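Q: First, the structure itself, so that you have it in front of you.
The values are calculated or read from the model by the stated rules, or taken from the named source; none is laboratory data. All figures in this text were calculated on a predicted structure; none of them were measured in a lab. Don't worry about glycine lacking a Cβ; one is built from the backbone with ideal geometry, like all the others, and counts go over all protein chains shown.
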Amino acid sequence: MIQQNLILILIFLPFLGAFAASTLSVNAHNAAAWLSGAVLVAGLIVMAALYPAIADDKVLRSVLTWVPALKLNLSFRIDGFSWLFVTLVLGIGLLVVLYARYYLSKSDPVPRFYCFLLAFTGAMVGILVSGNIIMLVVFWELTSVISFLLIGYWYHNPAARDGARMALIVTATGGLCLLAAMLMLGQIVGSYDLDRVLASGDVIRAHPWYLAVLGLFLIGAFTKSAQFPFHFWLPNAMAAPTPVSAFLHSATMVKAGVFLLVRFSPALGGSEAWFFAVTGTGMITLIVGAVFALFRHDLKGLLAYSTISHLGLITALAGIGSTGAIVAAIFHIANHAVFKASLFMAAGIIDHESGTRDMRRLSGLMRLMPITGTLAIVAAASMAGVPLLNGFLSKEMFFAEAASWHNGSWLDDALPYLATFASIFAVAYSMRFIVTVFFGPPPTDLPKTPHEPTAWMRRPVELLVLICLVVGIIPGITLGPVLNMAARSVLGADTPYFSIAVWHGFNTPMIMSLIALALGTALYFLCAARISKGPEGPPLLHRIRAQRIFEWLLLALSWKWPRVAHRFFGTERLQPQLRLIVVLSFAAAAVTLWGGISFIQKTGMPTYDPAFALMWVVGGVCAIGAAWQAKYHRFASLTLLGGAGVITCLTFAWFSAPDLAVTQLLVEVVTTVLLLLGLRWLPKRREEIAADKLAPARIRRFWDLVIAGVSGLGIAIIAYVMMTRPLVPNIGDWFLRNAYHEGGGTNVVNVILVDFRAFDTFGEISVLAIVGITVYALLRRFRPGAESAGLPDEQLGEEAEALKDYLFVPSVIMHWMFPVMIVMSAYLFFRGHDLPGGGFSAGVTLAIALLLQYLASNVRWVESRITILPIRWMGLGLLISCGTGIGAWLFGYPFLTAHAQYLDLPLIGKVPAATALLFDIGVYALVVGATVLMLIAIAHQSLRSARLRAQDDIPVEKEAL
């Protein structure tokens, strides 16, 4: 139980830290850094506490029940592989936090940076420990979204915005492909549990969907890990701050794809298609990244392409899939994260202290920055694969696997030559990084005079370089046990122990390494002058860029083709768009229900009361009159529409549905007022009447009548069929039997909303919050045009003054009704679980009470006496509702599970109580906030005087909120 709770803490702690960081002041730089560091240290402590069990090859699990009927649970698991990866993410994240504290400027919104960093850490940890493949995709897409925010952190920089948008489009599209693959895998295996999927490799490979699943899966993994031809987004993401690059592109985001390849290799690997697709793509990416890295002039650009190359190396190892290849892949994941994070940080220090990253302007920095230069040289040597450094060991293992025989194919035979060729360029671009930046004549004409940074800014680099040296010299003692633990969790408990040593004799991998070191050094010194003066790309290839193809496709998909489609099908008018939506909805319903509706007359049909029939005649007349009067008199049409709504309320009450009747009546009041306020800004009626006399307008109104009639007839048929079906046991009977015993309430409708289907209600109130904010956002800067039917600005104040005398008595009554309606709202709320009422109807009642005050007086009079903060009401409502659901988890129950019992209160006795009441409080608060926000936003526009309307510098939100 303790281990399960520790796993949950590990998952949720970064997100809680991100929320806390978002609340800090923009100037609270130190507080944000300390908070982020404390969160990551706590995560590392959790990982240390879990290590003893993980070292015994145990798989630790923690499951939160979500939707048991659909086998959808929040399942988390940690084994040796995920433990190593999570520790790597948290450890390098902690060093990045320390580095960013001294890298970021005091003018930057630092708390926002740490908020995004912690949220991204939580999403990455979610990928690594998800035990449900659908939840894995959710966290996967979350990393795409948050990386967009991190890459575009300096949003004033166009390059940062473009790079962030490109990264989001590429990786999120790959995530959609991954989602499709996971859904298909779940159908093949019969479960979305990760352990079940990993254990079903033979079933998956034998299934007809295997190639389709493999293709979609690889697109998702390749886009995230920047594999060819999706590699172009990674160099463009270098516009992000260096701490972002050091974190995302060394240990986290780009490693998610290779993590997935290694993790799913037992389930999807082992086939010829896997070998050619994964190993082939990895080798192409390895070579392309290494070649292009040599010709980049920007320090971070060189490191970006080298990252692409090393990711290709890991991908190729995952494609080979042998025991040694998987061990080498895991080993290089860790090694690359260490030396590449240190190199990015060193590049950031150089940029921070010299003002440039252009290697054509940098030289001789070893004299001015000896400590930083030494650290960067060691890290770059590790990247090149120099002996006695960690990068050398994993590259040797890669050479050994490339030289081994696997399946005798042409790709297998070519692997050692391709690996050596790519390594030659890896040595060359590492030499360029070292020689060009740190040796040669002293630099001239730099924006700043280079010098050593603050000691604490250099500490993370020092620690990472020390790890490179220690692992490179004594690998068996330092990383050997953890590496083998991770390999066993991927390949199985029977995997033999893999010994990691510095020296394995003068063998083929050593010969390949010596050739790469010698030829790579020679290649750089022979071509150094030409490279420094040439374009950013190899000769004849620098003009061929995948980025240009992406931009062309983006332009075609987002601009050219939509404009062509809009030319034929689109319109800027609202009515044709609504007509199209209604017609398509009707067509979809007709196709779905065609042949499935049977008219079965139920025996013992009740006879209709003449009063009920007369009531509906009145309702029908009101509806027809509203449609007819809409052409001539809007206010009369709205009044008749309200009459039809009242008849609907009476119908609900007639058929013993008081909850629906109360809700319908309250919503009818709110919508009527909303429409009244909105009518002010519609065009003048005489202009529309004149336009309606034209033939096109008559035809349009005729087709509107036909569509409305057909749609209404379809709804009537469905309603008739449903109400005349024989009474058989159904879901409604189950709710009636169990509402009191399971939910603790006798009002079945309310129990369904806040207990049985509380998750649906939570989604609906979330949508209501979005709608409220959207309406407010659209109206906050709205200015009516000259064609508005409202009064002219110069007459608005006079008319308002003249109306005061006529509205004095009603306004007094509306003021007096305010406390009465508050009591009515509380009455409807507290009785909702047993009698008609509830949080929604009570919230609308309070919103009407507040709205009446706006109608009775001017805006300033009301807001000088009543403080209304609708946004906070909405946020509080969502927090309360979500907190109620999370509270159920603490007791081992599914999300939003309610509990009911009787409380014995002094002097009162036993009183029924249910946790659903807390959820209903959230509904109540959100409904009040959203409704008031929308109505006040419209009221502010309707009651705005000419003076206020002319003053654009007075924001609407000051008055509304």
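Q: Looking only at the stretch 53-112, count how many residues are among the hydroxyl-bearing types (Ser, Thr, Tyr) and surrounded by fewer than 16 Cβ atoms within 10 Å (Cβ to Cβ).
A: Initial filter on the stretch 53-112 (among the hydroxyl-bearing types (Ser, Thr, Tyr)): 62, 65, 75, 82, 87, 99, 102-103, 105, 107.
Now narrow it down to the ones that are surrounded by fewer than 16 Cβ atoms within 10 Å (Cβ to Cβ): 105, 107.
Residues meeting the conditions: 2.
Q: With respect to residue 371, is the statement that it is assigned to a helix (DSSP H, G or I), among the β-branched types (Val, Ile, Thr), out of contact with any Phe, Trp or Tyr (no Cβ under 8 Å at 6 or more places or on another chain) and within 18 Å of residue 511 (Cβ to Cβ) true?
A: For residue 371, the condition - assigned to a helix (DSSP H, G or I), among the β-branched types (Val, Ile, Thr), out of contact with any Phe, Trp or Tyr (no Cβ under 8 Å at 6 or more places or on another chain) and within 18 Å of residue 511 (Cβ to Cβ) - is not met.
Q: Taking into account only those residues within the stretch 173-214 that are free of Cβ contacts under 8 Å to residues at least 40 places away in the same chain and more than 21 Å from residue 131 (Cα to Cα), which is surrounded by the fewest Cβ atoms within 10 Å (Cβ to Cβ)?
A: Among those residues, the one meeting the criterion is 208.
Q: Scanning for something in a helix (DSSP H, G or I), farther than 15 Å from residue 773 by Cα and at pLDDT 85 or above, does the stretch 889-902 turn up at least one residue?
A: no
Q: Collect the residues in the stretch 324-369 that are under 23 Å from residue 531 (Cβ atoms) and β-branched (Val, Ile, Thr), keeping them in residue-number order.
A: Matches in the stretch 324-369: 350, 356.
Q: Please give the number of the condition residue 745 fails out of (1) of a type in the set (Gly, Ala, Ser); (2) touching a residue at least 40 places away in the same chain (Cβ under 8 Å); (3) part of a helix (DSSP H, G or I).
A: (3)
Q: Quickly run through the stretch 95-149 and pick out the residues that are under 21 Å from residue 78 (Cα atoms) and in contact with a Gly (Cβ under 6 Å, 6 or more places away or on another chain).
A: Answer for the stretch 95-149, where residues must be under 21 Å from residue 78 (Cα atoms) and in contact with a Gly (Cβ under 6 Å, 6 or more places away or on another chain): 118, 121, 139, 140, 141.
Q: Right, here's the next one. Being touching a helix residue (DSSP H, G or I) at 6+ places or on another chain (Cβ under 7 Å) and crowded, with 24+ Cβ neighbours inside 10 Å narrows it down to one residue among 299, 388; which is it?
A: Among 299, 388, only 299 is touching a helix residue (DSSP H, G or I) at 6+ places or on another chain (Cβ under 7 Å) and crowded, with 24+ Cβ neighbours inside 10 Å.
Q: Among the numbered criteria (1) crowded, with 24+ Cβ neighbours inside 10 Å; (2) in a loop (DSSP other than H, G, I, E, B), which one does residue 361 miss?
A: With (1) crowded, with 24+ Cβ neighbours inside 10 Å; (2) in a loop (DSSP other than H, G, I, E, B) applied to residue 361, the lone miss is (1).
Q: Among the numbered conditions (1) modelled with pLDDT under 75; (2) surrounded by 11 or more Cβ atoms within 10 Å (Cβ to Cβ), tell me where residue 646 comes up short.
A: So the condition that residue 646 fails would be (1).
Q: Residue check, residue 470 against (1) surrounded by fewer than 20 Cβ atoms within 10 Å (Cβ to Cβ); (2) more than 25 Å from residue 99 (Cα to Cα); (3) among the β-branched types (Val, Ile, Thr), all met but one. Which one?
A: Residue 470 satisfies every listed condition except (2).
Q: Further question: Take residue 740 and tell me if it is outside any loop (DSSP other than H, G, I, E, B), under 30 Å from residue 590 (Cα atoms) and at pLDDT 70 or above.
A: No; evaluated as a whole, the condition is false for this residue.
Q: Tally the residues that are under 24 Å from residue 96 (Cα atoms) and either assigned to a helix (DSSP H, G or I) or basic (Lys, Arg) (or both), restricting the search to the stretch 297-328.
A: Number satisfying all stated conditions: 14.
Q: Kindly check whether there is at least one residue in the stretch 121-131 that is closer than 20 Å to residue 253 by Cα, of a type in the set (Ser, Thr, Tyr) and not in a helix (DSSP H, G or I). Full working, then the answer.
A: Filtering the stretch 121-131 down to residues closer than 20 Å to residue 253 by Cα leaves 121-131.
Subset that is of a type in the set (Ser, Thr, Tyr): 121, 130.
Applying the additional criterion that residues be not in a helix (DSSP H, G or I) yields 130.
Within the stretch 121-131 (the criterion being closer than 20 Å to residue 253 by Cα, of a type in the set (Ser, Thr, Tyr) and not in a helix (DSSP H, G or I)), the answer is yes, since at least one residue qualifies.
Q: Looking at (1) over 25 Å from the mean Cα position of the chain (by Cα); (2) surrounded by 24 or more Cβ atoms within 10 Å (Cβ to Cβ); (3) under 23 Å from residue 416 (Cβ atoms), which is the only condition residue 284 fails?
A: Looking at each condition in turn, residue 284 falls short on (2).
Q: What single numbered condition from (1) farther than 30 Å from residue 195 by Cα; (2) buried (at least 22 other Cβ atoms within 10 Å of the Cβ) fails to hold for residue 131?
A: For residue 131, the exception is condition (1).
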